[in-house]
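Below: the structure, in structure tokens.
The values are calculated or read from the model by the stated rules, or taken from the named source; none is laboratory data. Everything numeric here is computed off the predicted structure, so don't read it as measured data. Please note: Cβ atoms are built from the backbone with ideal geometry, for glycine as well, and neighbour counts cover all protein chains shown. The protein model used for the area step is the full one, side chains on, heavy atoms only, and it has no ligands, DNA or RNA in it. Shrake-Rupley method; radii C 1.70, N 1.55, O 1.52, S 1.80 Å.
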Amino acid sequence: MSLSENRTLIVAGSYAEAASAGVYVYEFDAGRETLTLLDRKSGFQNPTFLCLDAPRRAVYALTETKAEDGSKASDAVYMKLDPASGTLTEVNR
């Protein structure tokens, strides 16, 4: 998500248990070719599919879990991204 000519934020999801961080926000510095971790979120399992809506500053994450009967289940999580701080706030599921 490019916020200006000089700042680019990267949001990444990963396989993780709900107690561990699974969504990360990084700032990419093209001049230095570095990533700086700005925020990480936990509380949902395996948030591996992310959709970004830059104009609304929104991040949607689909999670992968198992239902009580062992079948696959999922959840959709809506988060707001604060471009100034690079932090995510969960809005709803």
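Seen from a random direction on average, the alpha-carbon convex hull of the chain projects onto 6.1 square nanometres. Entry comment: accessible area of the chain is 63 Å² per residue, from protein heavy atoms only and a probe of 1.4 Å.
Here the dipole of the chain is about 140 debye; that uses its Cα centre as origin and unit charges on the Cβ of Lys and Arg (positive) and Asp and Glu (negative). For the chain, the fraction of 1.4 Å probe accessible surface lying on carbon and sulfur atoms is 48 percent.
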